[in-house]
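In what follows, a structure is listed as structure tokens, so that the remarks can point back to it.
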Amino acid sequence: MRMTGDSPLWTKNIEEGTTYPPLSQDIKTDIVIVGGGTTGALTAHYFMKQGLNCVLVEKNQIAHQSTAASTAILQYEIDLGLNRLMSMVGEQNAQQAFLFGYQAVMEMSQIVKEINSNCDFTFKPCFLYTQDPRKVDYMADECKSRQAIGIHCELFTSETHQNEFSFNFEVGVYSHYGAAIINPVQFTRDLIDYNVKKGLQVFENTNIVDYNLSSRQSVLITEQEFTITADKVIICTGYDALEWFKHEKPFYTLSRSFAVLTKPVENFHGWKEACIIRDDQDPYTYIRPTLSNSIIIGGEDLEIDDLDGEVANMGDRHPLALQQYHQLLRRVRRMFPQIENIKTDCWFHGLFVDTKDGLPFIGKHPDYPGAYFNLGYGSNGMLYSLIGAKLISQDVAGKNPKELEIFKFNRY
Ligand SMILES: Cc1cc2nc3c(=O)[nH]c(=O)nc-3n(C[C@H](O)[C@H](O)[C@H](O)COP(=O)(O)OP(=O)(O)OC[C@H]3O[C@@H](n4cnc5c(N)ncnc54)[C@H](O)[C@@H]3O)c2cc1C
């Protein structure tokens with residue numbers, strides 16, 4: 001299956017960062033983290049804070065896979081919405097998951113400050129809207145449920161707030177806090193560089209091909225036949241980790257998601273506070289600005305049900321991909337007629353893994369008790385990575401965080 005297609009925007013517009021050598025000898029460590037995307041970087045950060053010896057291995061280059069294809073919206077809200085999530089996982093778990101996301105955005109901003117990252121992290125309001133008049137009550141209830149747990153949001157209706165946006169909407173939840181935008185590749189590189197200065201060992205072009213897992217001490221074997229002996233193994237291999245669960249009935253869905261970056265625009269007229277926007281369609285469309293006044297619009301997901309099929313293996317400039325990009329571009333032009341000359345800078349697509357309840361898988365899998373998994377599947381992948389890094393490092397420290405229950409494997 002192909003992870004990404006065309007030129008992921010974050011590696012296209014950025015200078016090459018620090019490079020790290022491949023592993024060339026057998027080593028021992030407290031913690032080994034497999035995977036050098038945002039998840040691996042955040043996981044390493046939380047373990048380094050505990051003063052443990054950590055090794056991070058990446059089979060290719062740091063931050064070049066899914067991390068580079070992300071539209072990089074950090075948003076507390078989970079796709080299902082709070083009320084639907086409550087009906088699925090219970091009131092307490094759903095509220096906790098939303099609050100975790102809310103806090104994770106704040107925590108991300110603190111990490112950015114701590115490591116002095118140049119990753120354009122910027123807080124933004126966010127707007128979830130519908131054009132369906134039948135959903136007015138649903139949105140009003142959703143807004144109330146969020147306010148009840150302390151989220152600072154308000155209900156916008158076409159009567160009260162239509163002049164804030166140039167596109168039509170019936171009703172929506174406008175959240176003043178709990179969302180942000182970021183450059184994920186810059187952030188991941190900066191976070192790794194910061195921790196390397198504190199003793200983190202990083203090896204690129206180091207593919208782990210075999211795992212002898214045990215809850216006491218595990219041995220990982222690289223393609224070049226070197227070994228890493230570690231007390232704890234944390235798998236942060238993103239969508240590649242699905243390999244581990246091939247023997248199971250899939251507990252996730254696969255799709256391909258598309259995104260377009262525009263050239264800088266002159267203004268954001270008809271777009272309140274250039275906030276993050278998402279509609280309630282299935283699949284939904286989401287829109288965010290960049291700090292250089294471009295627009296990123298994403299969505300038009302295509303489901304993947306055949307791993308050998310066209311969508312699963314779609315290359316660059318595939319006619320179907322071009323069709324999705326043009327659809328996105330037409331949509332953004334229609335929504336913002338007052339913004340002139342919306343032109344494409346680049347487009348890209350990437351594999352996207354989602355779960356039934358929109359929550360990630362964090363913790364141990366019953367079939368592999370010798371490893372932890374930090375798998376931020378779902379649209380809040382980056383925030384989930386942070387939540388996973390925090391909970392797993394707490395668990396290793398013997399704190400047994402009960403919240404791991406919310407994100408456990410086999411929960412549905
Ligand atoms: C189009 C698109 C838009 C998205 N938009 C958003 C968004 O707006 N907000 C958001 O939060 N999330 C979004 N996501 C999801 C987000 O990109 C991911 O959740 C996040 O990047 C996952 O990071 P990761 O580190 O887990 O995975 P990756 O970046 O894929 O990193 C995993 C790494 O593991 C390495 N690896 C795999 N196997 C091995 C091995 N055997 N040995 C060594 N290394 C190995 C891989 O090479 C890879 O670099 C989006 C995804 C897509 C595709």
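Here, each number is a calculation from the coordinates, and none is a lab measurement. Not measured: the values here are computed from a predicted model. Quick reminder, even Gly has a Cβ in these numbers, built from the backbone with ideal geometry, and neighbours come from all protein chains shown.
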(message) Could you check the spin-label model distance between Glu223 and Asp282? Points 7 Å from the Cα along Cα→Cβ, value in nm.
(response) 4.0 nm
(request) Report Rg/Rh for segment 1-95, rounded to two decimals, where Rg is the Cα radius of gyration and Rh the Kirkwood radius. (result) 1.08
(message) What whole-number distance in Å separates the alpha-carbon centres of segment 198-221 and segment 388-412?
(response) 21 Å
(message) Can you give me the Kirkwood hydrodynamic radius for the chain, using every pair of distinct Cα atoms, in Å to one decimal?
(response) 21.8 Å
(message) Placing unit charges on C-beta atoms (Lys and Arg positive, Asp and Glu negative, everything else neutral), compute the dipole magnitude of the chain about its Cα centre in debye, rounded to 20.
(response) 620 debye
(message) Starting from 0.36 nm per residue, how many nanometres of slack lie between Gln147 and Gln131 once their C-alpha separation is accounted for?
(response) 3.5 nm
(request) Would you list the P(r) distribution for segment 312-412, with all Cα-Cα distances sorted into 5 Å bins from 0 and each bin expressed as a whole %? (result) 2, 11, 16, 14, 11, 11, 9, 10, 8, 6, 2, 0
(message) Test of understanding: express the Cα radius of gyration of segment 183-283 as a ratio to 2.2 N^0.38 Å, with N the residue count.
(response) 1.63
(message) On a 21 Å Cα-Cα criterion, which of the cross-link pairs Lys144/Lys402; Lys49/Lys124; Lys124/Lys390; Lys124/Lys356; Lys28/Lys198; Lys59/Lys263 come out too long?
(response) Lys144/Lys402; Lys49/Lys124; Lys124/Lys390; Lys124/Lys356; Lys59/Lys263
(request) May I ask you to order 157-166, 52-61 by the average number of other C-beta atoms within 10 Å around their residues, highest value first? (result) 52-61, 157-166
(request) Figure the gain on full extension for Asp120 and His247 (residue separation times 0.36 nm, minus the Cα-Cα span) and round it to one decimal in nm. (result) 41.6 nm
(message) Test of understanding: what is the full-extension gain from Asp316 to Gln110, defined as 0.36 nm times their sequence separation minus their Cα-Cα distance?
(response) 70.5 nm
(request) Among DSSP beta bridges whose residues both lie in the chain, state the antiparallel percentage, nearest 5. (result) 70 percent
(request) Sort the following peptides by mean Cβ neighbour count (other Cβ atoms within 10 Å, averaged over residues), highest first: 389-401, 318-330, 34-46. (result) 34-46, 389-401, 318-330
(message) Nothing charged except the Cβ atoms of Lys and Arg (+1) and of Asp and Glu (-1): what's the magnitude of the dipole of segment 303-412 about its Cα centre? Round to the nearest 20 debye.
(response) 520 debye
